[in-house]
Amino acid sequence: MACAITWIRREPAVLTVSNLSIDDLLHDVSFEIPRGARVGLVGESGSGKSLTALSIMGLLPRGLRAHGSINFDGQELVGLKDSRMRRLRGKRVAMVFQEPMTALDPLMTIGRQLAEAAGSNARKVLREVGLNDEHFNRYPHQLSGGQRQRVLIGLAIAQDPDLLICDEPTTALDVIAQAHVLDLIDRLVEERGMSLLMVTHDQAVVRRMCDSVLTMSQGRVVDTPPAPEETITPAASRELGAPIIRLRDASVRFSDTTAVEPTTLEIPEGQRLGIVGGSGSGKTTLLKTIAGLYQPTTGSVDVDGSVQMVFQDPQSSLNPRLRVGASVGESCGGDLDRVREVLADVGLPGVEKRYPHEFSGGQRQRISIARALAPRPKILLADEPVSALDASARGSVLKALDDLVDEYGLTLVFVSHDLKVIQQVCDYVAVMNRGSIVEHGRTTDVLGSPQHDYTQQLVAAAL
């Protein structure tokens, strides 16, 4: 797919961006989106994709100022007072943000937040994005990452905007839920005549959703073809030790909801176990129970060794008031040499004095990984650690994880909705559905010849 825009139809532009610059972060970015068109904005982490989207919404971080022109349907947005910009947000221009936990109000139920945007249609919108009435009175922390992402999509479409901006809208979703959400966005854009700006690092999403694509690199729009598909190298089998993690009929229940059904599982020392399943299947709850963040309602969980965890949402797990070096240093006793070493391992050398808000979502994810690796744990728990990364950064981080897990003899429990990542990193896999492990075994066996109906659906959608 070529990166230069060649429109088959010539419609008036709903959005025209001209010579947009922000300090040393964006440089003379120019493009336009005709009414009803779908434009993909791709590029590596830190290339300026999300910053461009935030500029259009008038939501730049404090201290940053846009220069140039952003013209939306005849209205100049650069320099527009926020009181006037608020009249456009949601009604005319809406955005699905990359990190749902920071975009949703933690003190308000999902239903109340949807009602503020959709009024009496709140429950209808909830069902449109694949959730149901039982989620209406829950709080954001009671939903999985994928479910929170769907709520954001509901909030964005609630008032039928003219331009919908999606910043990595399917990052946290399993392949089945991703297909559902993309189908939903596709249908809504078509039925309501919306224009679409799809910010993503996923080339498959761009090919499926967009008429045209812009590639960004180092804050500029460049005429570069999209990156090739990743080559997946299956994880090698490794010699295993005695069980280091043991679950005996362990279940987890929240109020009237069972998140994890009674589960018995042993994970030997040195094993790399991938846990896959749909949003809300219990993957993250199971991982947090192993970490000791949740206590099992019934049964027992025994862990023999030091544990570190990489969380799914780096924005909420990094202290915004601490420099990166201090955050990573907290986990390794302030050893500056070790801090520098692990930051270099994840591809971010020399950033110790910068703050989390100065990084892209993918870069923050790498910092979280560095912080978890710094104290050299015996067991590493990873909850979607590469979900926010573009293809090249994902490959780099997975290689770093692969090398470090081998170098320090770590046991790895790796939650992901991406079966290709599981193939690459994990030699064993457990498939979860509705709180239960429905299939468990060697990755090559389970994904190569799935026996359970749900596993067959996942494999058919992804591989």
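Nothing in this text is a laboratory measurement; each read-out follows from the coordinates by a stated rule. Remember, it's a predicted structure, so these values are computed and weren't measured experimentally. Positions of Cβ are backbone-derived with ideal geometry, glycine not excepted, and every protein chain shown enters the neighbour counts.
Under the simplified labelling scheme, the ASN121-ARG323 pair shows an inter-label distance of 5.0 nm, with each label point 7 Å from Cα along Cα→Cβ. Electrostatic tally near VAL303: other residues with Cβ closer than 13 Å to its Cβ, Lys and Arg +1, Asp and Glu -1, net 0. Taking trypsin sites (Lys or Arg not before Pro) across the stretch 279-373, the ones in a DSSP loop with at most 12 further Cβ atoms lying within 10 angstrom of their Cβ are ARG321, LYS353. Packing around the peptides 35-46, 325-336, taken as the average count of other Cβ atoms within 10 Å per residue, puts them in this order, highest first: 35-46, 325-336. Decide, for the stretch 271-361, between rounded, prolate and oblate: order the square roots of the alpha carbon gyration tensor eigenvalues as a ≥ b ≥ c, take rounded if a/c falls under 1.5, and otherwise choose prolate if a/b is larger than b/c, else oblate. Prolate, because a/c is 1.5 or more and a/b exceeds b/c.
Taking each residue as 0.36 nm, the span from GLU330 to TYR139 lengthens on full extension beyond its C-alpha to C-alpha distance by 65.7 nm. Compared with the alpha-carbon gap, the fully stretched path from LYS353 to SER306 is longer by 14.1 nm at 0.36 nm per residue. Normalised by the number of residues in the stretch 101-197, the average gap of Cα pairs under 8 Å and 6 or more apart makes the relative contact order 28 percent.
In plain terms, the residue of LEU80, LEU182 with the fewest other Cβ atoms within 10 Å comes first and the most crowded comes last, giving LEU80, LEU182. Gain on full extension, evaluated as 0.36 nm per residue between ARG35 and LEU64 minus their Cα-Cα distance, stands at 7.6 nm. Note: relative contact order over the chain, using C-alpha pairs below 8 Å and six or more positions apart, is 17 percent.
Judged by the mean number of other Cβ atoms found within 10 Å, the most tightly packed of the peptides 68-79, 433-444, 406-417 leads the ranking 406-417, 433-444, 68-79.
Each part gets one Cα centre, and for the stretch 16-38 versus the stretch 301-377 those centres are 33 Å apart.
In percent, rounded to a whole number, the relative contact order of the stretch 13-222 is 32, using alpha-carbon pairs under 8 Å and six or more apart. Which entry in (1) 23.3, 81; (2) 22.1, 67; (3) 24.8, 80 is this structure's computed Rg and Dmax of the Cα atoms in Å? The listed entry that was calculated here is (2).
The alpha carbon centroids of the stretch 39-78 and the stretch 181-205 are separated by 19 Å.
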